[in-house]
Amino acid sequence: QELLREGLVLFADSAQVQAKTGSLDAYLDVMSGALDAALVSSGKLEELALAGSVNLSEIKILNLQNSSSTGDPFPFKLSTRTFPGLTLAYSGDLDGKIVASEMVTALFRINSSSPAAIAGDYFRWLPPASTTTVHESLEDIGVLTKDKKTGKRACDLNYRSNYDGITCPDGYFKHLEHIASEQCENVQLACPPDRECFCKPCRKAKKVEVAIGGVNCMKMQVCHNTTQLSTIEVLVNDNLLSALPVTYIFNAISSKQLPTKSAQQKDTNFTYEFQLSSSDIGFNTLQVFLGGEEIESSPTLIHVHPKECAENEEPNADGICINMKEVMYYATWSTWCVFASFIFNVVLSVSCAIWTLIY
């Protein structure tokens, strides 16, 4: 959340994110240059420094803060706001309440020099803080879901892998797991053998994308230029992974009303495809729907240009090339005059030939 507020989307802007527990390993990797930055729990670096394993003067704490979210001084270096830790709770009858009250009184008497605090490696006990910020953060990353009607929260911890724990912010969508697992290899970033690595598993995208020729279409903008009757392949990516039907309407200029057609699912990546063609020269519109609702980037425009024809040919409204060479037609009487002139010349030539033979 702190990174997002600063305009950095961790799983989209970072070249690679490595998952591994161990604050000392993280420190050593940063110092060696293997990592540009590392995330560790507050207090861990100070603990390592006391043990002589870490030199705090050699590292830089990003977004350094000196107080907790409540405004109280905090004993450790911080980069983020603080959240309440573990809370003791009780349930039961009145006797349980009395025991709980006595327990709280006893815990509050403990200070940093008490044997219990030294043995447990803590400073003191505090009154429980509000866990609202914890709930909100867990909702942001998808661990908690809140029912809009009842307001009740449900916990989802059915994570099979670190991939399941990746949450992309609004406007970003997570690659399918088999695609995300290949990202690092595709960009030739090696992953240490003892870690799990992710290379940009989140990408900025619309909920549903329409693409023609590798170009994403925008609302009421020309997405593709083509010619009459040329086949266009349209791809639709359902980034919501909704499995809802994808339909479309192609509005050609000469058509009054066209039926809604269904796109065919191309693969298991929630990608759909269909083909279009039109003989109507000009701007034709394409509408795309997901589950019956028009998507954000719809309608989009497809500009159809005249078909390329051979010399002396031009395409008609149906996209058929026709011969446009100029032909001159004469009136009927002129045709008879030409024919009569031809006959006269033939007769005259024959007469001259006979006269020459006789005389």
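Bear in mind these aren't lab numbers, they're just calculated from the coordinates by the rules spelled out. Note that the structure is a prediction, hence the values are computed from the model and not measured. Note: ideal-geometry Cβ built from the backbone for every residue, glycine included; neighbour counts use all protein chains shown.
Data for the structure
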{"read-out": "Farthest positive-ward along the range 1-148 dipole, Cα basis, beta-carbon charges - from I61, A12, F108", "value": "F108"}
{"read-out": "Difference of contour (0.36 nm per residue) and Cα-Cα distance, H135 to T356", "value": "67.2 nm"}
{"read-out": "For S68, distant residues with modelled amide H under 5 Å away", "value": "F74"}
{"read-out": "Reachable aspartates and glutamates, given that their alpha-carbon falls under 20 Å from the alpha-carbon of K152 and they are not under 8 places away in the same chain", "value": "E136, E139, D140"}
{"read-out": "Reach of K307 by Cα under 25 Å, taken over lysines that are not fewer than 8 positions away in the same chain", "value": "K256, K325"}
{"read-out": "Unsatisfied cross-links (Cα-Cα over 19 Å) in the set K174/K204; K174/K206; K204/K261", "value": "K204/K261"}
{"read-out": "Ranked packing of 26-35, 3-12, most packed first, by mean Cβ within 10 Å", "value": "26-35, 3-12"}
{"read-out": "Dimensions (Å) - the chain, Cα atoms, principal axes, largest first", "value": "156, 52, 33"}
{"read-out": "Positive dipole terminus of the range 234-301, leading residue within G282, A243, I295 (C-beta point charges)", "value": "G282"}
{"read-out": "Three-way shape call for the range 162-258 based on the alpha-carbon gyration tensor, with the a/c threshold at 1.5", "value": "prolate"}
{"read-out": "Added length on full extension, which subtracts the Cα-Cα distance from 0.36 nm per residue, F283 to R153", "value": "41.8 nm"}
{"read-out": "Modelled FRET efficiency - R0 41 Å, S254 with A310, Cβ distances, 0.05 increments", "value": "0.95"}
{"read-out": "Gain upon complete extension [E58, E182; 0.36 nm per residue less C-alpha separation]", "value": "41.1 nm"}
{"read-out": "Spatially proximal lysines relative to K20 (Cα-Cα < 20 Å; intrachain offsets below 8 disregarded)", "value": "K44, K200"}
{"read-out": "Nitroxide proxy distance, nm - points 7 Å out along Cα→Cβ at C337 and S79", "value": "9.9 nm"}
{"read-out": "Relative contact order %, the range 193-235, counting alpha carbon pairs below 8 Å whose residues are six or more apart", "value": "34 percent"}
